[in-house]
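Working notes, structure below.
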Amino acid sequence: NTLHVFAHIHVISSSPSGIGSSMSRHRVVAGLALAIVVPLVSAYLVANASAAALSDNEQSLNFFSLSGIANAFRAFWDIVGPGGKLHPAYFLEHKGHLLIEGALILVIVYLALQHSFKVRRHAEEPLTEKEIDQLCKEWSPEPLVPSTAGELAPPESHVITGLEGPYVYLKGRKEKVINVASSNYLNMANNKENKIESIETVNTYGVGSCGPRGFYGTIDKHLDLEKELADFYDTEAAIIYSYDVATIASIIPAFANRKDIIIYDECCSYPIQTGCTVSRARVALFKHNDMDDLTRIIENFEAEEKAKNKPLCRKLIVVEGIYSNYGDMAQLKSIWEIKDKYKYRLMVDESHAFGVLGATGRGACEHFGLKPGQVEIIAASMSHAMGSVGGFCVGDRDIVEHQRLSGSGYCFSASLPPYLAVASSHMLRLLRPDKSGNSPGKELMALLQKRVRALRDQLKGIPGLKLFGGAALPSPVLHMHLAKSSGDAVEDQETMYRIADHVLVNGGVLVGVSQYSKLDIRRPPPSLVIYATVALGEKEILTVVGALRKAVRDVIKA
Amino acid sequence: MSSGDTIAPPFFSILSALFILSAASIFGKIRDVIYFLLHPFKVKGETGYAPIRDPTEDFYMRRMYGRIVDCWNRPICSAPTAWVDVMKRERVRDTTGVDTAHIVPIGGHTRCLNLSSYNYLGFAAFDPYCTPRAVLAIENLGISSCSPRVHAGTTSVHVELEELVARFLGVDDAITYGMGFATNSSTIPALVGKGCLVISDALNHSSIVAGIRASGAKVKVFRHNDADHLEKLLRLAIAEGQPRSHRPWKKILVIVEGVYSMEGETCRLKEVVEVAKKYKAYTYLDEAHSIGALGPTGRGCCEHWGVDPRDVDIMMGTFTKSFGSCGGYIAGKREVVEHLRRHSPAHLYACSMAPGCVEQVTSALHVMMGMDGTDRGKQKIDQLHDNANYVRSRLLAMGLDVLGSWDSPVMPIMTYNAAKMVAFSRLTLARKLAMVIVGFPATPVLLTRTRICISASHTREDLDWAIEQMEEVVDLCMLRYRTKALYQLVESELKDHVKRHFGPEIAERATIKALATGELDLRKSKDLSTKAVEGGVGVGIGIGGNAQQQQQHQTQSTSAKPKRAAANSKAQLEGKGPAASPRNGETHRKPLASVQAHAKAFVVSK
C-alpha cells in the first residue's frame, strides 16, 4: 500500500509541472475554489452528523432544521465511512489496488512513448558582464556622418551683401547681379513701406517673442495677422507657424495617426513627406497629377477598409498648388471631385501659389474655381509672395483650433517674431480689394503674370534646356532641365552647377540650382530654378535669357 | 539623483486631484447629455467624414480644457521684457456639446511682471546695441531673403553669425536655421536613420521626438538625468544589436538637453559624455535653454560643468531664448556641419533665417563676448545667476517644492493638483504676475506645476515684490508642501555648486536660508549691483569693491528689506497696491523716431 500511495503522490506532484503551462488560469482558480469549498461543506456535514449521533433524540436535530439531510448523511456515511463498502480501504483490500497500479503503468508507458525533447526557454545562458564588456569593446560604430569623398561637392553659396531692386551685390564681386533665385514674387521683402513698418515694430517689440504661443508668446500682432488671414480667405479661422518647413510637417501629424490614411502626390516636397512619416499613418503615393492612379489607390483603400470592416478613419489627400520641385500645378478641380466623391479631406500646400494665382490672390484653389470652404485645409509658406518668414493654415474653426493643441510646431516652438507678422499683414492689406474690387496687390499680380509669360515664352526656346511645364503655365516657379540627359544624375548636376556659374560670371545673373537631400524619397532631375518676380524689368529678362543661352552653348558644347 | 525623483505628492493631494478630475469629467458628461436632450438637431450628424478629433480628445478639449482655457495663450501687447502688457480677455462663447470655448481680447491691458518669457539675458526688448544693428540689417538686406540658403538665402550676416557661434562655443563650425524646433526635427534625420539607435532622455523636448520619428531610427529612453541607466542601456544595446536581426547597430546617438524646460534641471553632462565616450556613442546636446544662461560667461552647459565642447559631437541650441531672436544652430566638427550643409532639409528647402533676426543674435553675441567694448554681457549673466539663485532660495525657504538646479533660470513650483494650478494662475494674474502653468498632457496628471523663468532684466525689487505677491497666493492655494528629501537634496546641490564656483570656504556657509535672507551674497566678490543691467546703465559700484563697502552694502540691503515689506503690507491694507512696485515708475519704451537716428547712434557709439 505504501508503494502505490507513494506512486500516486508522485504522479500528482508531477502533473502540475507537466501541464502547468497549458492549464489555463481559470481552471486553476476553479480547482482552488473546489479545494476550499468541498472540505468546508463536508466538514459542516460531518459536524452535523456527529452532533446528531451524540444527541439521541430527534428534537435536537430539529434545532438545525436539517434532520432529513442528517439522517440521509448518516446512512450515506455507513456506506462511505470506514468499514463501509465504498470506503477506499475496502476497495483496496479487495484487490482494487491492482486496478490503480494498472492505470499507473499505462500512464508511465504513455509518457515513456512521448518525445522527451523539449526546447528550453532559455536555450542560451545570458551574457556575462565580461562578455558584454568584450562585445562593447569589439563594436565599432560608423562615423557620425558619411565621408564626403567621392560625392559631388556643391559650390559654395554666394554671399549677398546688399540689395538694389532686382539686383543683389555679392561678396567678391564689384558689379551687381540680377537675382532670379529668390521667390520674392511681389517684391514685398524689399518694399519700402513694409520695411519701415517692420522696423517700427522691432523698435517697440524687439526682435524675438521669447516664448511659445501658449506661454505669453502670443503678441497682438499675431492675433491681427490671424484675423486678417481668415478674413482674406473668407474662412472661420487661421493659424500661423513660425517656419515654412515646419508648417505642413506639423499640420499633417495633427490630422492623422496610425489608423488613418494619407494619399499624396509623388512629387510633393520634403515637408509633406516628413509630415506623413511623423504621423505614422498608412501612406500611399499617386503618380504625379494622374487622376486615374489616385482613384485606383482610393478604391483599393476603400475595398480594404470594407473587407476588414474597419471603423471610419480620417482620410487625407495632400497636394501642392504649385509643386515647388517642378513648377507645375495640381489639377485641383478633378482632385476636388474625387475627394468629394470618396469623402476624403483635401489639403493643399499653396506656398508658391498664394499671392500669385487666383483673381484675389488666394492661390491655386481660387484659380481652379474652388470656393472658400471647399478645400478643408489650406496651408502656405509666408516666405514667398508675402516676403516674410513663417507659414500659415486657414480653415474651419475645428481644423484650426485642433492644431492649437495638436500642431507640434505650433505648441512647442517659439512664436513668429512680431515684425515678421507685421510684414505679412502688410502684404495682406495690399491684396485686400476696395469697393470697386481693385487693390494695389491686384496690379502687382497682373504685372507678375506678365513677367511669368515673358520669361516662360523666352526660356522655352533655349536650345539644350527644357522648360518644365511649357510656356502656358501661370506658375512663377521655372524649372529648366537638360534637354538631353547624360543618363548620370551626378554628371547632370555638375553640368547644372557649371551653367549656373557661367551665367553668374559672364552674364551677371544669379540663378539657383536645385539641390536635394538624401532624405528626399525622390530626387527630381537636376534643374536650374528661376523665379519670376515683379522686380524684373523687360531689360533684365532679356539679360537673363541671353546669359542662359550663352552659358548653355558654352558649357554643353565644351 | 535628480530633484524630480525626490518628490512625491502627498496622499491627500493625490486624492483631491483625482476627485477634482473625476468631478469635472462626470459633470462634463452630464452636461453633454443635457445638451444633447435640449438640442437634438445641433449635434453633428453623419457627414461621411471621420471627426477631426476622436471622442475622448474632443471631450477633454471641450469639457476639461474648455474650463481653464483662460490660463494659456494670454496675448501680450508689448515686448516680452521684465514687465509685459497682458491683454484683457473675455469668454465670448462657452463650451457646448459640440463647440469649444472661445475667448477673445476685449481691449485694454494690465502691466504684469513677466515671470514666463525665456528672455534670460534681457535681449528681448529694445537694446541700445542690438536693435539699431538689427534695424540696419533689415534696411540693407530686406525683411526676408525669400530663398533657401543654397540659392540666394546666404547673406553676409549669416556667414558672420555662423563664424561667431562656432567661436563662441569653441568648436570648428556652425550652421544656422530659422527655427529652433526645425533645427532638431530636420537635423536628427540627417544624422541617423534605419539601423541606428537613439538613446534619448525621458524628458527630452517634443522637437527631438519629432526628429527621431522622422529619421526612422530606433529609440530607447533612459531615466531622466540618470547616467547609470544610460550606461546599462548602452551596454545592453551594443551586446544585443538590432532587434530581431541582431546585427550590430550602425551608430548610437545619445540625446540630452542642457536645461530641461519643464524641470529646470541642468543635464549631468560630465557623466553622460563620459559614458557615451566609453561606449563609442555620439552625443547630441540640445542647449535650447542653457546657451547664454549657464556658465560664468554664458557659454552653456559645457562651461557650467567644465566639459570640453569638442567632446560633445553635436551642439544644438536656439536663439529664441537668451538672444531674444528666433532660429537655432548646430555646431560641431567641420565634417558634421559640412554634411548638414549638403543634406539637412531645413538648409536646402527652408527659407533662410530673416536678416534682422540674424543680426540681433550676432550683436547679442557681441555683447556676451565683450566685443561691444563694455562688460555689459558679463554683468547680464551675473545678474541672471544672482536673480535665479535668489528667487530659488526664497521660494524653497517659503516651503514650496521647487525643482531644478542652481544657476538655472527655470524653476517649476509643484502644485500636484490641477485645480490648485489653475487657481494659482488666476490669482497670480490678478496680482499682476504673468506666470505659466503646465498640466496634463505635458506632465503626468499628478505632477502639475507652475513655472517661473527668471531674466537678467528683473531687478531685485521686482523679484522681492513678486515673492511677496506669491506668498499670499501660496497660502490661499496651500502649496507649502515642504518635501524634506527635496529640500535636503537641493541644499547639498547648493553646497556642491558653491564649492565648484566659489571655493570651499564659502561652501561651508552656503545654505538655502542664508541665500534667501541675503546673508550669503554670491555676487559680492564680483559685483555689488542689485540693479538690473538692462539698457547698460546704472550698473552699480563695479567690479571688486573693497570689503568694507561690501559689508555696508549688505547691511543696507538686509535692513532695507523688512522696512519695504512693512511699507508694502501697509499699502496693501489701505488698498493701494504695493508701494514698492516699480510698475508705477516704469514707462513704456517709445519707438525712436527713425531708423537713421539708430544708425547714427550706433555709429557714434562705436
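Pairs, please: C-beta under 8 Å, at least 6 apart or cross-chain, first residue touching a residue at least 12 places away in the same chain (Cβ under 8 Å) and in segment B:1-30, second surrounded by fewer than 15 Cβ atoms within 10 Å (Cβ to Cβ) and among the acidic types (D, E)?
none
So for segment A:132-139 (the condition being under 30 Å from B:V192 (Cβ atoms) and of a type in the set (F, W, Y)), does at least one residue qualify?
yes
Return the residues of segment B:235-261 that are among the charged types (D, E, K, R) and touching a Cys at 6+ places or on another chain (Cβ under 9 Å); say none if nothing qualifies.
B:R235, B:K250, B:K251, B:E257 - these are the residues of segment B:235-261 that are among the charged types (D, E, K, R) and touching a Cys at 6+ places or on another chain (Cβ under 9 Å).
Based on what the data block shows, is A:S424 within 21 Å of A:G358 (Cβ to Cβ), touching a residue at least 40 places away in the same chain (Cβ under 8 Å), in the same structural domain as A:M329 (by TED's automatic domain parsing) and buried (at least 17 other Cβ atoms within 10 Å of the Cβ)?
It is true that A:S424 is within 21 Å of A:G358 (Cβ to Cβ), touching a residue at least 40 places away in the same chain (Cβ under 8 Å), in the same structural domain as A:M329 (by TED's automatic domain parsing) and buried (at least 17 other Cβ atoms within 10 Å of the Cβ).
Grab the helices (runs of 4 or more DSSP H) fully contained in segment B:205-307, keeping just those with 1 or more residues being more than 17 Å from B:S405 (Cα to Cα).
B:206-215, B:227-240, B:269-278
Going through segment A:167-194 one residue at a time, which ones are within 9 Å of chain B (Cβ to nearest Cβ), buried (at least 24 other Cβ atoms within 10 Å of the Cβ) and more than 35 Å from the chain's Cα centre (by Cα)?
A:V168, A:N179, A:N194
What are the pairs, 6+ residues apart or on separate chains, where a residue within segment A:535-547 that is over 14 Å from A:R456 (Cα atoms) has its Cβ under 9 Å from a residue that is polar (S, T, N, Q) and surrounded by fewer than 20 Cβ atoms within 10 Å (Cβ to Cβ)?
Once the first residue is over 14 Å from A:R456 (Cα atoms) and sits in segment A:535-547, its partners that are polar (S, T, N, Q) and surrounded by fewer than 20 Cβ atoms within 10 Å (Cβ to Cβ) give A:A547/A:N506.
Report whether or not A:V394 is in a loop (DSSP other than H, G, I, E, B), buried (at least 24 other Cβ atoms within 10 Å of the Cβ) and either touching a strand residue (DSSP E or B) at 6+ places or on another chain (Cβ under 9 Å) or of a type in the set (K, R) (or both). Outline the logic, then answer.
Working: in a loop (DSSP other than H, G, I, E, B): no; buried (at least 24 other Cβ atoms within 10 Å of the Cβ): yes; either touching a strand residue (DSSP E or B) at 6+ places or on another chain (Cβ under 9 Å) or of a type in the set (K, R) (or both): yes.
So A:V394 fails the test.
When you go through (1) buried (at least 22 other Cβ atoms within 10 Å of the Cβ); (2) more than 16 Å from A:G546 (Cα to Cα) one by one for A:A500, which number turns out not to apply?
Here A:A500 meets the rest and fails (2).
Give segment A:366-389 a look and list any residue that's more than 24 Å from the chain's Cα centre (by Cα) and either on the phi < 0 side of the Ramachandran plot or acidic (D, E) (or both), or say none.
Scanning segment A:366-389 gives A:E366, A:H367, A:F368, A:L370, A:K371, A:P372, A:H384, A:A385, A:M386, A:S388.
With the checklist (1) farther than 18 Å from A:R213 by Cα; (2) outside any helix (DSSP H, G or I) in hand, flag the one item B:N73 doesn't pass.
Condition (1) is where B:N73 drops out.
Pick out the one residue from B:S393, B:S405 that is more than 14 Å from chain A (Cβ to nearest Cβ), farther than 20 Å from B:T131 by Cα, of a type in the set (G, A, S) and not in a helix (DSSP H, G or I).
Result of the check over B:S393, B:S405: B:S405.
Any chance you could count how many residues in segment B:230-278 are within 9 Å of chain A (Cβ to nearest Cβ), in contact (Cβ under 8 Å) with a residue 24 or more places away in the chain, surrounded by fewer than 21 Cβ atoms within 10 Å (Cβ to Cβ) and touching a helix residue (DSSP H, G or I) at 6+ places or on another chain (Cβ under 6 Å)?
1
Restricting to segment A:466-520, name every residue that is part of a helix (DSSP H, G or I) and of a type in the set (D, E).
A:E491, A:D492, A:E494, A:D501
Is there a residue being more than 8 Å from every other protein chain (Cβ to nearest Cβ), within 21 Å of A:C393 (Cα to Cα) and charged (D, E, K, R) anywhere in segment A:205-216?
No, because not a single residue in segment A:205-216 is more than 8 Å from every other protein chain (Cβ to nearest Cβ), within 21 Å of A:C393 (Cα to Cα) and charged (D, E, K, R).
What is the residue count in segment A:19-46 for residues that are modelled with pLDDT under 70 and among the hydrophobic types (A, V, I, L, M, F, W, C)?
Here the count works out to 2.
Only residues that are touching a residue at least 12 places away in the same chain (Cβ under 8 Å) and either in contact with a Cys (Cβ under 9 Å, 6 or more places away or on another chain) or among the hydroxyl-bearing types (S, T, Y) (or both): list them for segment A:149-196, please.
Selection gives A:Y167, A:S182, A:S183, A:N184, A:Y185, A:M188, A:A189.
Determine, yes or no, whether A:I69 is among the β-branched types (V, I, T), modelled with pLDDT of 75 or more and part of a helix (DSSP H, G or I).
It is true that A:I69 is among the β-branched types (V, I, T), modelled with pLDDT of 75 or more and part of a helix (DSSP H, G or I).
Look at B:A82 and say whether it is out of contact with any Phe, Trp or Tyr (no Cβ under 7 Å at 6 or more places or on another chain), crowded, with 23+ Cβ neighbours inside 10 Å, more than 10 Å from every other protein chain (Cβ to nearest Cβ) and at pLDDT below 95.
When the stated conditions are applied, B:A82 passes them.
Just a yes or no: is a residue in segment B:113-126 among the hydroxyl-bearing types (S, T, Y), more than 10 Å from chain A (Cβ to nearest Cβ) and outside any helix (DSSP H, G or I)?
Our first condition is that a residue be among the hydroxyl-bearing types (S, T, Y); within segment B:113-126, this holds for B:116-118, B:120.
In the following step, the residues that additionally are more than 10 Å from chain A (Cβ to nearest Cβ) were identified as none.
Within segment B:113-126, none of the residues are among the hydroxyl-bearing types (S, T, Y), more than 10 Å from chain A (Cβ to nearest Cβ) and outside any helix (DSSP H, G or I).
Please go through segment A:141-161 and give me each residue that is surrounded by fewer than 17 Cβ atoms within 10 Å (Cβ to Cβ) and either closer than 30 Å to B:K278 by Cα or more than 7 Å from chain B (Cβ to nearest Cβ) (or both), ordered by number.
A:E142, A:P143, A:P146, A:S147, A:T148, A:A149, A:G150, A:E151, A:L152, A:A153, A:P155, A:E156 - these are the residues of segment A:141-161 that are surrounded by fewer than 17 Cβ atoms within 10 Å (Cβ to Cβ) and either closer than 30 Å to B:K278 by Cα or more than 7 Å from chain B (Cβ to nearest Cβ) (or both).
Step by step: first the residues of segment A:277-294, then only those that are aliphatic (A, V, I, L, M) and closer than 14 Å to A:D265 by Cα, then the one that is surrounded by the fewest Cβ atoms within 10 Å (Cβ to Cβ). Which residue is that?
It comes out as A:M291.
Specify the residue that is nearest to the other protein chains (Cβ to nearest Cβ); the eligible residues are those in segment A:362-391 that are among the aliphatic types (A, V, I, L, M) and part of a loop (DSSP other than H, G, I, E, B).
A:V389
Just the residues that are among the charged types (D, E, K, R), more than 7 Å from chain A (Cβ to nearest Cβ) and either part of a helix (DSSP H, G or I) or crowded, with 24+ Cβ neighbours inside 10 Å (or both), please, taken from segment B:322-365.
Passing the criteria: B:R334, B:R341, B:E359.
When only residues in segment B:53-76 that are touching an Asp or Glu at 6+ places or on another chain (Cβ under 9 Å) and buried (at least 19 other Cβ atoms within 10 Å of the Cβ) count, which is farthest from the other protein chains (Cβ to nearest Cβ)?
B:R63
Would you check if B:A174 is surrounded by 21 or more Cβ atoms within 10 Å (Cβ to Cβ) and at pLDDT below 95?
no
So if I check each of A:E164, A:E124, which one is surrounded by fewer than 12 Cβ atoms within 10 Å (Cβ to Cβ), outside the structural domain of A:I530 (by TED's automatic domain parsing) and of a type in the set (D, E, K, R)?
Step by step, each of A:E164, A:E124 is checked, and only A:E124 is surrounded by fewer than 12 Cβ atoms within 10 Å (Cβ to Cβ), outside the structural domain of A:I530 (by TED's automatic domain parsing) and of a type in the set (D, E, K, R).
Residues to consider are B:A174, B:A190; find the one that is more than 10 Å from chain A (Cβ to nearest Cβ) and in contact (Cβ under 8 Å) with a residue 24 or more places away in the chain.
Going through B:A174, B:A190 in turn, the sole match is B:A174.
The values are calculated or read from the model by the stated rules, or taken from the named source; none is laboratory data. Predicted model only: the values in this text are computed from it and were never measured. Cβ coordinates were reconstructed from backbone atoms using ideal geometry, including for glycine residues, and neighbour counts include every protein chain displayed.
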